[in-house]
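Enquirer: Just dropping this structure here.
The values are calculated or read from the model by the stated rules, or taken from the named source; none is laboratory data. Because the structure is predicted, anything quoted here is derived from the model rather than measured. Here the Cβ positions follow ideal geometry from the backbone for every residue, glycine too, while neighbour counts run over all protein chains shown. Note: areas computed on protein heavy atoms with side chains; ligands, DNA, RNA excluded. Shrake-Rupley method; radii C 1.70, N 1.55, O 1.52, S 1.80 Å.
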Amino acid sequence: DARADRSPGEFYQLDFEMAFATQEEVLDVCEDLIYDTFKAFTDKKVTPKPFRRITYADAMMTYGSDKPDLRNPLIICDLTDFFAGVSFPAFKGRPVRGIVANCQGKSKKFFEDSLKFATSPEVGLGGLGYITLKQGVFAGPIAKFLSEEKKEEIITITGVKEGETLFFICDDKKNDTEKKAGHIRSWLAAKEQLDLIRDDAFEFCFIVDFPMYEIDEETGDTIFTHNPFSMPQGGMDALLGEDPTKVLAYQYDLVCNGIELASGAVRNHDIDIMKKAFEIAGYGEDEIKNRFKALYEAFKYGAPPHAGMAPGIDRMIMLLQGENNLREGQAFPMSVSGADMMMNCPSEVTELQLREAHIKLR
């Protein structure tokens, strides 16, 4: 589908695969390429090498996203254990996150707008609590539930300072709470709100250690989280001995200013590990043979360990141009529906063309 950073139905990538390569060797190659390219085509600050390696778990906890914009200085903290000792029913036994922001000078409407955004369909929170530290005293609807001891503790945990506001995000599930906290973090930092995001830098990082599996909320089945053809960390031992949701994959993304710029993995090259990995996700061997015949047959003869990555060319150009939409950097962009206006396609085909392709319309 079409998005601001994605053209419908096509993409251009600079793809490289390396035999007998480790994850870190792939990241080093990508790092050199991206750093040199961006230094050559921009006057903005570029993250010096080496780029930060952030685990998926830490990215979701700290930024509420696996594509964090590191120009945004706001940080998310975990307050679940803190509220386990607070008699506030709405947070009891549920995951809670906190975000400290300096909202001094903001009107009552700003806080009303923050609540409106939090409860919008885009985010889906039931509410957005907050407390503000004024002259050493907390003000806000949740403050009355905190003892003096707890107030001192939350200052220590969050680092909230005089005049700053601490926002609370809470939902039923950990993953949902993290993602919704990420939405609040982005909203607060936006130019229309606190205007915290610098426009003078390209901030790069690698997101690593993606989970191999997750539980489908609708069916309860174990399914692949991202790329099913990645090598699980720990190999066969991990697949045989660990809870599938705890198994990590050798998968990694390059992120710049909140945009996924490249993605890659250490590829699974072992047929036995491949069969076991797919078995956990509910695939029988016959189905693997039919659906992934090329890999199945190739792996029977042996394949070298290999890894790779693929930066997106269009996204690199979009960022270097300072645009927010991929189409601004394309010579002949497609429409949202996937039509090429210059080539006037897709268009009607003749009966002869259909016959040549052995296609019959019914």
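Enquirer: So what is the 222 nm mean residue ellipticity for the chain from helices alone, if each DSSP H run of at least 4 adds -39500 (n - 2.57) and you divide by all residues, rounding to the nearest 500 deg cm²/dmol?
Expert: -9500 deg cm²/dmol
Enquirer: Return the subset of K108/K134; K67/K180; K134/K179; K92/K180; K106/K173; K67/K179 for which the Cα-Cα distance in this structure is over 20 Å, preserving the input order.
Expert: In this structure, K134/K179; K106/K173 exceed 20 Å between Cα atoms.
Enquirer: Using a basic spin-label model with each label point 7 Å from the Cα along Cα→Cβ, how many nm lie between K134 and K246?
Expert: Calculated label separation equals 4.8 nm.
Enquirer: For a quick protection proxy, order the peptides 183-193, 261-271, 345-355, 33-43 by their average other-Cβ count within 10 Å, most packed first.
Expert: Going from most to least packed, we get 261-271, 183-193, 33-43, 345-355.
Enquirer: Follow-up question, since we're still on this one. Share of the chain's accessible area from carbon and sulfur, percent, 1.4 Å?
Expert: 52 percent
Enquirer: Excluding ligands, DNA and RNA, what is the solvent-accessible area per residue of the chain at a probe of 1.4 Å, expressed in Å²?
Expert: Accessible surface, normalised per residue, equals 55 Å².
Enquirer: Place a +1 charge on the Cβ of each Lys and Arg in the range 83-157 and a -1 charge on the Cβ of each Asp and Glu, then give the dipole magnitude about the Cα centre in debye, rounded to the nearest 20.
Expert: That gives a dipole near 160 debye.
Enquirer: Averaging sequence separations of C-alpha pairs under 8 Å and six or more residues apart, then dividing by the length of the chain, give the relative contact order as a whole percent.
Expert: About 24 percent, as a whole number.
Enquirer: Something else about it: Can you give me the angle between helix 108-118 and the longest principal axis of the chain, using Cα atoms only, in degrees from 0 to 90, rounded to the nearest 10?
Expert: 40 degrees
Enquirer: Okay, next question. Between Q193, G258, M341, whose Cα lies farthest towards the positive end of the dipole of the chain when Lys and Arg beta carbons carry +1 and Asp and Glu beta carbons carry -1, centred on the Cα centre?
Expert: Towards the positive end, the residue furthest out is Q193.
Enquirer: Which entry is the computed percent of Cα pairs over 34 Å apart for this structure: (i) 42; (ii) 28; (iii) 33?
Expert: (i)
Enquirer: Now for a different question. If you take the beta carbon distance between A303 and A57 as r and set R0 to 35 Å, what does 1/(1 + (r/R0)^6) give as a FRET efficiency, to the nearest 0.05?
Expert: 0.70
Enquirer: If R0 is 30 Å, what FRET efficiency do you get for C345 and Q321 from their C-beta distance, rounded to 0.05?
Expert: After rounding to 0.05, the efficiency reads 0.70.
Enquirer: How far apart, in nm, are two points set 7 Å out from the Cα along the Cα-to-Cβ line at K150 and at L354?
Expert: 7.0 nm
Enquirer: If you don't mind, there's one more thing I want to ask. Between D237 and D15, what FRET efficiency follows from the Cβ-Cβ distance if R0 is 35 Å, with the result rounded to 0.05?
Expert: For R0 = 35 Å, the calculated efficiency reads 0.70.
Enquirer: In debye, nearest 20, what is the charge dipole magnitude of the range 238-338 about its Cα centre with +1 on Lys and Arg Cβ and -1 on Asp and Glu Cβ, if you could check?
Expert: Dipole of the range 238-338, to the nearest 20 debye: 200 debye.
Enquirer: Let's see if you can work this out: charge +1 on each Lys and Arg Cβ, -1 on each Asp and Glu Cβ, no other charges. What is the dipole magnitude of the range 119-195 about its Cα centre, in debye to the nearest 20?
Expert: Dipole about the Cα centre, nearest 20: 60 debye.
Enquirer: Using 0.36 nm per residue of separation minus the Cα-Cα distance, give me the extension gain between K161 and E192 in nm, one decimal.
Expert: Working it through step by step, the gained length comes to 8.8 nm.
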